[in-house]
Every structure is written in structure tokens, then in C-alpha cells.
Amino acid sequence: MVCMLTPNGEFSIASALSLVRSHSNRSLGAACIWHRSLPITISFFMFRLVSDRLPLLEQLRRFGVQGPSRCCCCIDPQEERLNHMFCTGEAARQVWKVFEIQERRSSRISSARHMAIAWWIQPAPHRYFAFVYRLLPSLICWELWRARTSALMQGGGYKVNTDGCSLGNPGMSGGGGLLRDSQEGFLFGFSCFFGVITSLHAELQALVYRVELDDLLRFQSLFQSITHCFREANKPSDRLAKMGATRGSDALFDSFVELPPMARGDIRMDRLGFPSFWRRIL
Ligand SMILES: [Zn+2]
């Protein structure tokens with residue numbers, strides 16, 4: 001692909017995006033992952049799965065992070081790996097078997113990606129079946145992932161989300177965050193004003209707040225996991241960060257009703273599993 005200069009002779013992200021969209025790859029895999037009938041949250045999840053980019057311990061090891069790895073899907077726990085969780089583990093085997101059409105076919109597959117492809121290319125007797133075959137791998141993997149996350153949090157875990165934002169670069173900046181329990185119940189939230197700094201500085205400042213909260217929770221023996229998530233999955237914290245930047249003051253929210261109405265709506269949507277979107281005019 002050759003990226004041409006715009007009419008005014010300058011390169012822009014908008015022109016590059018337009019070029020990519022017009023020559024988008026319409027492979028079968030991409031068509032199934034980004035199927036219009038799937039929620040965008042599941043599409044992003046499936047894209048990360050087939051790209052081997054889910055936040056599993058085997059990924060963290062690549063960055064030198066070591067830790068105990070035990071799957072939640074087997075009676076005799078094994079090391080948690082992507083293909084084990086979504087294909088060869090006991091829970092995954094049982095689920096795929098329920099939907100199996102061609103007998104013993106899934107038992108010969110040992111890779112999550114190959115399992116999905118086998119469903120996508122499976123000959124369908126009717127177009128309605130083809131529709132189901134295209135969606136089913138994403139839905140099954142998504143539910144396996146949700147079950148795994150739920151099992152991890154059953155011990156009474158806590159989840160911390162923080163975000164930073166800057167209204168300009170540099171500009172008025174703020175940070176925000178939420179602490180929630182394993183059932184997505186609200187515990188407390190905060191909104192801070194960082195002053196006039198760059199967007200990167202604001203993000204790092206919010207990260208420092210998060211690390212301090214992590215240390216506090218660990219000190220109180222409350223296990224919780226640290227994962228990165230995309231901005232679309234962190235909308236309530238992003239809204240609190242913007243609030244801190246625009247108000248120019250700090251605020252602590254001890255109860256759900258004290259939160260700004262829009263943040264309450266974001267949290268409710270998040271709890272119900274609704275995807276969120278960001279619109280940018282190019
Ligand atoms: Zn297992």
C-alpha cells in the first residue's frame with residue numbers, strides 16, 4: 001500500500017485512515033470477527049484472542065513478569081495458556097462438544113484459532129446456519145473468558161480503574177478513578193486536578209494514583225489484578241478525569257449517588273456489558 005500525500009502536500013492521520021478503510025482486508029476471519037451482529041466489545045476481544053494478545057500470564061512472562069499460573073477450568077488445574085483455556089481445557093472441551101455437529105471433529109483440534117476457523121469455514125446447509133457458524137466461535141470464547149474472569153474474582157477481589165486526561169497538550173489536566181468489587185459494585189470514586197501539564201504526564205500521574213491504591217489494597221490483603229484496558233472500556237474513569245480537569249479541584253465520591261449523573265450512567269452501562277464508543281470527526 002502506498003500512502004499518497006494529501007492535496008495540500010501534507011501527510012495526515014485522516015488521509016491514512018481513509019486509505020486503509022478503502023482497501024480494508026475483507027478476509028473471512030475479519031468478516032467473522034467484525035460481524036455487524038456482534039457487540040463491538042466481543043469483536044475486540046476476539047481480535048485480541050486470535051492475535052494472541054489477551055492478558056494472560058503467558059503474555060506477561062514475555063515482559064519478565066513471573067507468577068503462579070493455574071487455570072480455573074479443570075478439576076486438576078494446569079498452567080493457564082490461551083489454547084488451553086479456549087480449546088483443550090476441560091471446560092472448553094465440554095462447551096465445544098455441546099455445539100459439535102461433525103462428530104469427533106473438535107477433539108482433534110488443539111488451537112483456539114484453528115477451532116474458530118474450523119467453524120467459520122464449515123459448509124452450511126442454509127444461510128441461516130452460515131450466520132450461526134460465523135458468530136458462534138466469538139460467543140463461545142467470550143463466555144469462556146467471562147467465566148474465567150468470574151472464577152478469578154470469586155475470592156472477593158477488587159478492581160481499580162484510573163484514567164488521566166489533558167484539555168490540550170499541554171493543558172488543564174485531571175485524573176479520575178473507580179474502585180469496584182468483584183460484582184462491579186461501586187465502592188468509591190475520585191476526581192483530581194493536576195494543573196497544566198501534558199497528556200502523557202496526566203496519564204502517568206493517574207497511573208501513580210492507581211499504583212498507590214494497588215499498594216493499599218495489597219497491604220489490606222485484598223487480592224486484585226492489574227490489567228490494561230482500552231479507553232472505551234474505561235469510560236467512567238475517563239469522565240471523572242475530565243471532570244477534574246474542567247473543575248480545577250479534587251473530589252472524592254463515597255457513594256454511588258454522589259457521582260455525576262453521566263458517570264453513574266457509564267457505570268450502569270458497564271455493569272450491563274454494553275459497549276461504549278468514542279466518536280472523532282476526522
Ligand atoms: Zn484448565
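Taken together, the values in this text are just the output of simple stated rules run on the coordinates, not laboratory data. Note that the structure is predicted; figures quoted are calculated from it, not measured. Note that we place each Cβ from the backbone using ideal geometry, even for glycine, and neighbour counts take in every protein chain shown.
Between T149 and A14, the modelled label-to-label distance comes to 3.5 nm, taking each label 7 Å out from Cα in the direction of the beta carbon. Distance between the 7 Å Cα→Cβ label points at F63 and R127: 4.5 nm.
Take each peptide in 136-144, 234-242, count the other Cβ atoms within 10 Å of every residue, and average; sorted highest first, the result is 234-242, 136-144. Taking all Cα pairs closer than 8 Å and separated by 6 or more residues, the relative contact order of the stretch 28-153 comes to 26 percent. Among the GluC sites (Glu not before Pro) within the stretch 30-81, those in coil by DSSP and having at most 12 neighbouring Cβ atoms inside 10 Å are E79. For the pair S249 and L28, what calculated FRET efficiency results from E = 1/(1 + (r/R0)^6), where r is the Cβ-Cβ distance and R0 = 45 Å, to the nearest 0.05? With R0 = 45 Å, the Cβ-Cβ based efficiency is 0.30. For W120, the shell of other residues with beta-carbons less than 13 Å away shows a net charge of +2, using +1 for Lys and Arg and -1 for Asp and Glu. Straight-distance candidates among the lysines for linking to K159, with alpha-carbon spacing under 23 Å and chain neighbours fewer than 8 residues away dropped: K235, K242. Given R0 = 51 Å, the distance between the Cβ atoms of L200 and S110 translates into a calculated FRET efficiency of 0.75.
Peptides 162-168, 92-98, 124-130 ranked from most to least packed, by the mean per-residue count of other Cβ atoms within 10 Å: 162-168, 92-98, 124-130. Take the Cα of M262, step 7 Å toward its Cβ, do the same at S51, and the gap between the two points is 2.8 nm.
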